[in-house]
Amino acid sequence: MGAATPAAGSPPTKHPRHLLDLAGWTAEQVHALFDTSDVMAQVMTRTIKKVPALQGFTVGTLFFEDSTRTRLSFERAARAQSADVISFAAGGSSVSKGESLKDTLKTIDAMKSDLYVVRHPAAGAPLQLTRWTDAAIVNAGDGRRAHPTQALLDAYTFRTSFPGYAGFEGVELAIVGDVAHSRVARSNVELWTKLGARVRLCGPRTLLPDELGERPGVTLTHRVEEAVEGAHAVMALRLQTERMAGGLLPSLAEVRERYQVNRARMRLAHPDALVMHPGPMNRDVEIEGVLADDPRSVVERQVANGVPVRMAVLYTLLVGSR
Amino acid sequence: MTRPANGSEAMSEPHHGGDRPTPRTVLRGARLIDARGDHGVHDLWLAGGSVEGVDLGGDAELEIDARGLLATPAFLDPHVHLRTPGQEEKEDLASGLAAAAAGGFGTVVSMANTDPVVDDPAIVADLVAQAAALGRARLRPAAALSLGLKGERLADYAALQAAGAVMITDDGIPVVDSHLQRRACEYVRELGLVIQTHSEDPSLRQGGVMHEGAVSHELGLPGNPAEAESIMIFRDCEVARMTGARVHIAHVSSERGMRVVEWFKAQGAPVTCEVTPHHLTLTDEAWRAFDPVIKVAPPLRTADDVAYLRDAVRRGVVDCLGSDHAPHTRAEKDRDALRAPFGLPNIEVAFPLLYTDLVLAGDLDLARLLELLQGGVARVMGWPEPTLAAGAPADVVLLDLDTEAAVDPAGFLSKAKFSPWEGRALRGWPSMTLVAGRVAFDRAHA
């Protein structure tokens, strides 16, 4: 593939065969993946945004839960490298209630893909699938458990947007909102602490169990001002309105008052702090609407970086291991 | 292992009850142990469905070489799911009672959460009749506490008892309505039946699929806190004390829950409790492998809970073991963690597992383990103490305490051929189980 070959993308030790979470990945392997992402990002600036890197490979997207942006991002990442894409949407009624996960996979797998991108409402489902196929599995979000490519693109966005802290040493990340139900929060905690940063988790006790603070490098607080103070990046999490009906939260007004990431609170953060959000945003709920459009906000850059980071993930798993 | 004394073909199938007379049988050279003590090595003679005596003379129609084996009364299990009627794809009476016999059990109490529910005397009578014809373990059905397990109306307890029901329970579905629980206890008390409870508060349990704690928060799986169990155990014990009914708390899984049982026992409340083999040997850490085979209700708890349960077993707070053998199809367990059903099959490995992990590990005396599987269950149920004394039912298990073998689910007689202990090397495998003097299981011919 000539000049587009991401030669920088060979990690020093063999990375795991799948990307289920970031547990098996070393900081060096993650940085190597980011180096590959730099090459892919350069591809995305060209007039012709396509390289033949994955020509002949087939990527299957297996979404057991509705998602638009993540699925589009993966499909773009596959096609930009000339892979064929087959898509299976199993959300809603298309998977009969009684069909086992194994049977569903076996049906799709009969059509032969080299790698599956899987989103599932149940934690662990992508790991279960690895038992029943020879293809590589990329977790695109499983229940509340993990969303590793989101965490990778978040950290990559920080690395490319906050000069001087590319090594992540001494970096403080604040994650504010519904941490308990968030796979994005879990994967970011896993990744940023692995890279050397410290993470502060913030939310009401109903959405932030104490046990999540037991990991080294992680602190909990129930006061958003404390979480934000001096932070280099502040990530607001989407607040699902069903949390109110589920008895986990009082009114929207109170949540906004106590936990919204807004301009006033951002004054407590590092002067160059980034405002992040994994999307989709509830403007003026967990994040002040005008702050999302502020120069400190990298929300759109996060979405844009999703493509090169996922290109690097697909490339590394399909080609980098051979 | 069996050698018919008349030289006819070795039997590989159990005798079927009814028409043929029970063969006079001798178990040669077994070490005899029962609740009265360790009697040393003897020949145990069985005749007419009862124990005849030790070291007798005369002719045997069936000679069994039991040298090197331990002979003890066949085990009793107050808690199994045989899925009949209506869910025979998971288990039926033939497979479930064969599996029970393979585990050394001579009598099992089947739960009522079937389809249709066992809330009708005709269903109870039918189960008893079907099981008697199989010649495997004896079946003693439990009947539902509420019609259709709906938690709304009392079932016809006296008629169910007359048809053969030995326990009243909505096991599988906690009784939410405290008033209904009270009235059931009041009504059943005069019948002398035991009421068994599945004590979990559904509103606190919510959609929890595993124990709520550090592991569930890390893995992002919905948690079910131990307090959902302890709160409901408190309610159930308080209603037992209030009504004087005999209440048996099924599958206590947590330290908090066990402490509540202890507190009520100390006050003389008429409560008993059981623990399961899985809650004594597995923890929530097993969820890291994301195999829903270990999805059970109540859930596997922490190592601290396991240690506390084991201590409660040693101290005599635990009355008996209940396997909660709960088979499902492989396809059902191949669903994701949220949609896979609760329950695992374990009756065929229960004794070897506990013998290896508790007795051989030095955590428990063999005599205490046997008591939990024999006299402990009998006292909970109000049955006579099982012994090897002359005149006792000839329900006997021969245990091989020496041979180590790996758990091989493919060889299970249960329809559920999977196990969280697959591949574990265990000792204490039952070699043979006799029920009413007939061979109900013979490992050499299984």
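A short reminder: the numbers here are calculations on the coordinates, not readings from a lab. Just so you know, these numbers come straight off a predicted model, no measurement behind them. FYI the Cβ positions are ideal-geometry reconstructions off the backbone, even for glycines, and counts take in every protein chain you see.
For chain B, calculate the relative contact order in percent as a whole number, restricting contacts to Cα pairs under 8 Å that are 6 or more residues apart.
On the way: 1098 pairs, mean separation 87.8, N = 446.
Relative CO of chain B lands at 20 percent.
Here the Karplus curve 6.51 cos²θ - 1.76 cosθ + 1.60, taken at θ = phi - 60°, turns the phi angles of the stretch B:25-39 into couplings of 10, 10, 9, 7, x, 8, 7, 9, 10, 8, 4, 7, x, 9, 8 Hz, with x standing for Gly and Pro. Phi angles of the stretch A:130-136 translate, via the Karplus equation with coefficients 6.51, -1.76, 1.60 and θ = phi - 60°, into HN-Hα couplings of 4, 6, 10, 8, 8, 6, 6 Hz per residue; Gly and Pro are given as x.
How many angstrom lie between the C-alpha centres of the stretch B:396-446 and the stretch A:274-303? A separation of 62 Å, based on Cα centres.
Go ahead and run the numbers for FRET between residue B:67 and residue B:404, Cβ-Cβ distance against an R0 of 25 Å, rounding to 0.05.
Approximately 0.85, to the nearest 0.05.
The antiparallel fraction among DSSP beta bridges confined to the protein assembly as shown stands at about 35%.
When the dipole is taken about the Cα centre of the protein assembly as shown, and only Lys, Arg (+1) and Asp, Glu (-1) are charged at their Cβ, what size is it in debye, to the nearest 20?
On the way: 80 positive and 98 negative charges, 466 e Å.
Dipole of the protein assembly as shown, to the nearest 20 debye: 2240 debye.
Length gained on full extension, residue B:125 to residue B:445, computed as 0.36 nm times the residue gap minus the Cα-Cα distance: 112.1 nm. Between residue B:147 and residue B:159, the simple label model (points 7 Å from Cα in the Cβ direction) yields a spacing of 1.0 nm. Extending 7 Å from Cα along the Cβ direction at residue A:99 and again at residue A:267 yields two label points whose distance is 5.6 nm.
Report the percentage of all Cα-Cα pairs in the stretch B:177-225 whose separation exceeds 16 Å, rounded to a whole percent.
55 percent
Taking amide H as placed 1.01 Å from N in the peptide plane, residue B:77 has its amide H under 5 Å from the amide H of B:107, B:108, B:109, each at least 5 places away in sequence or on another chain.
In the structure shown, do any of A:106/B:333; A:14/A:106; B:295/B:333; B:150/B:265 have a Cα-Cα gap over 18 Å, and if so which?
Violating the 18 Å Cα-Cα cut-off are A:14/A:106; B:150/B:265.
Just for chain A, what percent of DSSP beta bridges are antiparallel, to the closest 5?
Numbers: 1 of 37 bridges.
Expressed as a percentage, antiparallel bridges in chain A total about 5.
For the peptide A:207-218, the mean number of other protein chain Cβ atoms found within 10 angstrom of a residue's Cβ is 2.
The stretch between residue B:38 and residue B:390, if pulled fully straight at 0.36 nm per residue, gains 125.2 nm over its current Cα-Cα span. Across B:177, B:365, B:324, mean-square fluctuation computed from a Gaussian network of chain B (C-alpha pairs under 10 Å connected) peaks at B:177.
Tell me, what is the FRET efficiency for residue B:367 and residue A:226 to the nearest 0.05, using R0 = 56 angstrom and their Cβ-Cβ distance as r? Present the calculation step by step, with values, prior to reporting the outcome.
Numbers: r = 59 Å, r/R0 = 1.05.
Efficiency computed from Cβ-Cβ geometry: 0.45.
For residue B:176, the shell of other residues with beta-carbons less than 15 Å away shows a net charge of -2, using +1 for Lys and Arg and -1 for Asp and Glu. Amide H to amide H distances under 5 Å link residue B:201 with B:229, B:232, where only residues 5 or more positions off or on other chains count and H is placed in the peptide plane. Across the stretch B:298-306, coupling constants 3J(HN,Hα) worked out from phi with the 6.51/-1.76/1.60 Karplus curve, θ = phi - 60°, read x, x, 4, 9, 8, 4, 5, 5, 4 Hz, and Gly and Pro carry x.
If you count, for every residue in B:217-230, the Cβ atoms of partner chains within 10 Å of its Cβ, what is the mean? What the average comes to for B:217-230 is 4. Comparing A:220, A:274, A:252 in a Gaussian network model of chain A, where Cα atoms under 10 Å apart are tied by springs, the biggest mean-square fluctuation is seen for A:252. Restricting attention to chain B, close to 50% of DSSP beta bridges with both partner residues there are antiparallel. Taking amide H atoms as placed 1.01 Å from N in the peptide plane, the amide H of residue B:224 lies under 5 Å from those of B:209, B:210, B:211, B:212, each 5 or more residues away in sequence or on another chain.
The stretch between residue B:176 and residue B:424, if pulled fully straight at 0.36 nm per residue, gains 85.4 nm over its current Cα-Cα span. Taking GluC sites (Glu not before Pro) in DSSP loop states with no more than 14 other Cβ atoms inside 10 Å as exposed sites, chain A has its longest site-free stretch at A:1-168.
About its Cα centre, chain B has a charge dipole of approximately 360 debye under the convention of +1 per Lys or Arg Cβ and -1 per Asp or Glu Cβ, with nothing else charged.
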